[in-house]
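The values are calculated or read from the model by the stated rules, or taken from the named source; none is laboratory data. Since the model is a prediction, treat every value here as computed from it, not as a measurement. Positions of Cβ are backbone-derived with ideal geometry, glycine not excepted, and every protein chain shown enters the neighbour counts.
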Amino acid sequence: MATSARFNIADLKPVHPIQGWRRFFEEGSGYLSTAHAAYEKRRKVYTAGILYNLAAMAIEKFVMAALMRYGTMPYNHTMADLVEAMEETFPGDLNDIRSGLLQMDKYQEICDLEGFSIAPPAMDEIPAMLALAEKVQSLVSEKIIS
């Protein structure tokens, strides 16, 4: 008899957390809090590029906390690499936010020193990025590290 049970790689192997995963989650929460406060105050020093980077750092910290909690690491730290590692470790959990996360890679390609490019987002794109970071925070908090 076939079942519709969803298997998660984390359920199939022993979990050996990597030390420091809680600190990563806390740092992600700090970056997100800073980004929200900065966006709300609209001070000129917080450009769309800086707010993008704060949101991206929050997302990276949340993802790293989840992966470290389950004893794994991404191959690299582009958003595509983080998404790939999350999908390998937590299949199906990113379905609703996958495309938004991958979209964030279009603003910065800084891993290739010869093909380096930065195209800051528009300020009106920042609320969606902050909402995406909140979704990652909730996913990691509720489904992965709780």
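Below are the figures for this structure:
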{"item": "Candidates 141, 146, filtered to the one that is out of contact with any Lys or Arg (no Cβ under 6 Å at 6 or more places or on another chain), of a type outside the set (A, V, I, L, M, F, W, C), touching a residue at least 60 places away in the same chain (Cβ under 8 Å) and under 19 Å from residue 15 (Cα atoms)", "result": "141"}
{"item": "Yes/no for residue 80 being of a type in the set (Gly, Ala, Ser), under 22 Å from residue 128 (Cβ atoms), modelled with pLDDT of 95 or more and touching a helix residue (DSSP H, G or I) at 6+ places or on another chain (Cβ under 9 Å)", "result": "no"}
{"item": "Cross-chain or 6+ apart pairs with Cβ under 9 Å, the stretch 77-97 first and on the phi > 0 side of the Ramachandran plot and free of Cβ contacts under 8 Å to residues at least 60 places away in the same chain, then exposed (fewer than 15 other Cβ atoms within 10 Å of the Cβ) and part of a helix (DSSP H, G or I)", "result": "none"}
{"item": "Scope the stretch 26-52; condition part of a helix (DSSP H, G or I) and charged (D, E, K, R); matching residues", "result": "26, 27, 40, 41"}
{"item": "In the stretch 114-146, residue modelled with the lowest pLDDT [restricted to those that are closer than 21 Å to residue 39 by Cα, of a type in the set (Gly, Ala, Ser) and more than 13 Å from the chain's Cα centre (by Cα)]", "result": "119"}
{"item": "Unmet criterion (only one of (1) closer than 16 Å to residue 143 by Cβ; (2) modelled with pLDDT of 90 or more; (3) among the hydrophobic types (A, V, I, L, M, F, W, C)) for residue 7", "result": "(2)"}
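Quick grid of which residues meet (1) out of contact with any Lys or Arg (no Cβ under 6 Å at 6 or more places or on another chain); (2) at pLDDT 95 or above; (3) outside any helix (DSSP H, G or I):
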residue	(1), (2), (3)
15	yes, no, yes
24	no, yes, no
60	yes, yes, no
64	yes, yes, no
112	yes, no, yes
